[in-house]
Number of protein chains: 2
Amino acid sequence: MPETLPIESVGLVTPQTLHFDEPLALQSGKVLPQYDLTYETYGELNQDASNAILICHALSGNHHAAGYHSMEEKKPGWWDSCIGPGKPIDSARFFIVSLNNLGGCHGSTGPTSINTLTGETYGPDFPVVTVKDWVVSQVRLADKLGIQKWAAIIGGSLGGMQALQWSIDYPERLGHAAVIASTPKLSAQNIAFNEVARKAITSDPAFHEGRYFDHNTIPQKGLMLARMVGHITYLSDEAMGEKFGRDMRNKAFKFGYDVEFEVESYLNYQGERFSENFDANTYLLMTRALDYFDPAKEYNGLLESALKKALCKFLVISFSTDWRFSPERSEILVNELVKAGKDVCYTEIDTPHGHDAFLIPTPRYISVFNAYMDRVAKEVC
Amino acid sequence: MPETLPIESVGLVTPQTLHFDEPLALQSGKVLPQYDLTYETYGELNQDASNAILICHALSGNHHAAGYHSMEEKKPGWWDSCIGPGKPIDSARFFIVSLNNLGGCHGSTGPTSINTLTGETYGPDFPVVTVKDWVVSQVRLADKLGIQKWAAIIGGSLGGMQALQWSIDYPERLGHAAVIASTPKLSAQNIAFNEVARKAITSDPAFHEGRYFDHNTIPQKGLMLARMVGHITYLSDEAMGEKFGRDMRNKAFKFGYDVEFEVESYLNYQGERFSENFDANTYLLMTRALDYFDPAKEYNGLLESALKKALCKFLVISFSTDWRFSPERSEILVNELVKAGKDVCYTEIDTPHGHDAFLIPTPRYISVFNAYMDRVAKEVC
């Protein structure tokens, strides 16, 4: 808990919620009759509304990307390393909007919300939402906020996919797309890990086919396992080796199945903490959004054709030890952007931090990100 | 089911079981008062008992390494690609012994066996067994079979760890150690994956703290998840991509949480099949044997010092896309062997098959293995 907030922080922030009455036709064919979107903003919108930045979150993220909700909050928002005065996404220059995606569990309408048609919690009846659907919902949010064109749309991992989809589906409405630690589609291995996570949740007897609230329970063990598997894929072998190696929990082995190594203890702690704070149905939904994402699919599988639609400029950043979405995957995107004749800056950052590196202020990453965003600011401010 | 057995097969084989009355003091401090070891043999022991080869199995392996138990058996033993007449481990030249390790669930004494002291199934009371313990039990098996010195001890993955431990603990009793797709110790990431597998099993309500037989159930969901996670680590991203890519199960997406992609279907099938055929307590035990393995530990963490004890020659093979036990890990072993002044042949095989490559007859792998084993045969036959 900071006694005073750091000066490079956006400070105290209060989430807001907007209600949307117009039904949203989803990619699945289902329709969401109405919904709320919860979001935060940092900085001030300028007079011609040209300095707005949209932040898109990843699998377990939410609208709280920077600053503090109260003086008692121990940790700032999830991307505080990159958002704030003097940081790459500079709140002194930009008006920054960060929302909780539809289907989320932190304020926006999702499986934990009340279905106004039935008066009951949606639970498993909440429809599957895709990256394309999110983009449509974000367009409506932009409309309500009076933002005709985003200076940039920025995201890491699943967030980068949203930036990419925006550039293809609404080319006139963004100046730049920053696609960080991301990929134009999941690999079979990525889908396989997601399937293990889903199976862990759905096979937990406390899941009750998604209606766990009706049984006054949550599938905590399943969610914990899902997070443990996910967490391993966010870290590099190298980072885990440096952090834990084979460090033992006790002086001598106990020769049993309780925790023996520090890495086990860490992983159990991460899984437990997450399982207390995240909704299982939302986790299923987010992993499926990842699986389905494939913007080339509508263009006969040709990513180049999809990207030809884009009018914005691109920043693509990958991280050397990210084995979830490896630099090779970013390079595929970059190559197709080049073939499509787009303006793209690409850098691979050398770091031991694996996929999570997009959250960590490695100096070269911040320098590159700063330089690019300075260019964006000069265009619009 | 073969109507006639392939000529390059060891043919029909019948497992045998030997009983051991002498108590076995385990690394954990516990004592196993008596135990059985189930094994198979292929080929004939020569007059001076110099042509014997010991095969050590990996996590989910057993004694049935080659040939068929009956004409009805659909698939041969797990390493039939490398064991048989004309194959690298040539049954026309060698007397090959393959056992089910102590703690296993395919004949040798393990958690599914009756504890003769109580008359009840061991279950979770079966003591944790380590690679060192296995080697001691294998020494006793060698003694009973009249084998003073193995021509070679050979294993892949966890099997390679046993070959390595033999070379250090009983240097006079083997001529060669073949350490394939293995590592001198697990990394933090390896341990983390094992912990997820264990947690999947132990958090399944059907686990009943290991006493599932008493409840007429098995923790099938947990075992399935454990296998699914494991299976992903046995395959390479590349191999999964080639085999499945993003192939869909149906013509169009259903936008739900049932199987959508072929890779999900495959993984679920593998998990289910395994969960019907393997014991959960044994799975815990095998993963712990992997975690604990670290022969350098007794030598102040110096692998070179441990390896100086060895008198045998070494064959080390790694596979380019094995990310479970990567070529770098084999190279660490090779470098320490060289520093210790040992005779070592090393090759990295270029293959897309990941960790499972040690089971697949890639031509260059088989050539190298053949050439090395030909040298072994010429020394002893």
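Since every read-out is calculated from the coordinates, none of them should be taken as a lab result. Only a predicted model underlies this, so the values are computations on that prediction, with no experimental measurement involved. Positions of Cβ are generated from backbone atoms using ideal geometry, with glycine treated the same way; all protein chains shown enter the neighbour counts.
Computed values, structure above
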quantity	calculated
Sequence-distant lysines (8 or more away, or on other chains) whose Cα lies within less than 23 Å of residue A:144	A:132
Rounded to whole Hz, the Karplus (6.51, -1.76, 1.60) HN-Hα couplings of the stretch A:238-250, x for glycine and proline	4, 5, 5, x, 5, 6, 10, x, 10, 3, 8, 6, 10
Pseudo-label separations to other copies for residue B:114 - Cα-to-Cβ vector, 7 Å, nm	6.3
Dimensions (Å) - the stretch B:225-381, Cα atoms, principal axes, largest first	61, 35, 30
Shape call, the stretch A:116-185: gyration tensor on alpha carbons, a/c limit 1.5	oblate
Positive-end residue of B:24, B:116, A:96, charge dipole of the protein assembly as shown with Cβ unit charges	A:96
Cα gyration tensor category, rounded, prolate or oblate, for the stretch B:4-51 with a/c compared to 1.5	prolate
Square roots of 5 times each gyration tensor eigenvalue, C-alpha, the stretch A:217-308, largest first, Å	37, 19, 8
Considering only the protein assembly as shown, percent of DSSP beta bridges that pair antiparallel, nearest 5	35 percent
DSSP bridge pairs, the stretch B:26-169: antiparallel proportion in percent, nearest 5	40 percent
Nonlocal amide H pairs with residue A:348, under 5 Å, H built at 1.01 Å	A:318
Shape category assigned to the stretch A:31-102 from the gyration tensor of Cα positions, a/c cut at 1.5	oblate
Assigned charges on the beta-carbon of Lys, Arg, Asp, Glu; the stretch A:1-111 dipole about Cα centre (debye)	300 debye
Amide H contacts of residue B:65 (H built 1.01 Å from N, under 5 Å, at least 5 apart or other chain)	B:78
For the stretch A:341-356, Karplus couplings with θ = phi - 60° (6.51, -1.76, 1.60), whole Hz, Gly/Pro x	x, 8, 7, 9, 9, 10, 9, 9, 8, 7, 7, x, 8, x, 5, 4
Shortest-first nm distances, residue B:302 label point to equivalent points in other copies (7 Å, Cα→Cβ)	6.5
Amide H contacts of residue A:261 (H built 1.01 Å from N, under 5 Å, at least 5 apart or other chain)	A:249
Phi-based couplings in Hz for the stretch A:164-177 (Karplus 6.51, -1.76, 1.60; Gly and Pro marked x)	5, 5, 3, 4, 8, 8, 9, x, 6, 9, 8, x, 9, 10
Gaussian network model of chain A, Cα within-10 Å springs - most flexible of A:368, A:338, A:259	A:259
Percent of beta bridges antiparallel (DSSP, chain A, rounded to nearest 5)	35 percent
Out-of-range pairs (alpha-carbon distance over 27 Å; input B:185/B:221; A:87/A:339; A:297/B:243; B:185/B:309)	B:185/B:221; A:87/A:339
P(r) of the protein assembly as shown over all Cα-Cα pairs, binned every 20 Å from zero, in whole percent	16, 45, 29, 10, 0
P(r) weight above 23 Å for the stretch A:28-187, C-alpha pairs, percent	38 percent
Shortest-first nm distances, residue A:242 label point to equivalent points in other copies (7 Å, Cα→Cβ)	3.3
Three principal axis lengths of chain A [C-alpha, angstrom, descending]	64, 52, 51
Kirkwood hydrodynamic radius over Cα pairs of the stretch B:56-95, then Stokes diffusion coefficient at 37 °C and 0.692 mPa s, in µm²/s	305 µm²/s
Coarse-grained scattering of the stretch A:75-155 at q = 0.11, 0.16 Å⁻¹, given as base-10 log I(q)/I(0) from a Debye sum over alpha-carbon atoms	-0.41, -0.77
Residue-count net charge about residue B:16 - beta-carbon cut-off 13 Å; Lys, Arg +1, Asp, Glu -1	-1
Point-charge dipole on Cβ atoms (K/R +1, D/E -1) for chain B, about Cα centre, debye to 20	520 debye
Residue A:148 paired with residue A:69, simple spin-label distance in nm, labels 7 Å along Cα-to-beta-carbon	3.6 nm
Full-extension gain in nm, residue B:209 to residue B:31, via 0.36 nm per residue minus C-alpha separation	61.9 nm
Eligible aspartates and glutamates near residue A:251 by straight Cα distance, threshold 20 Å, same-chain separation 8 or greater	A:242, A:260, A:262, A:264, B:195, B:291, B:294, B:298
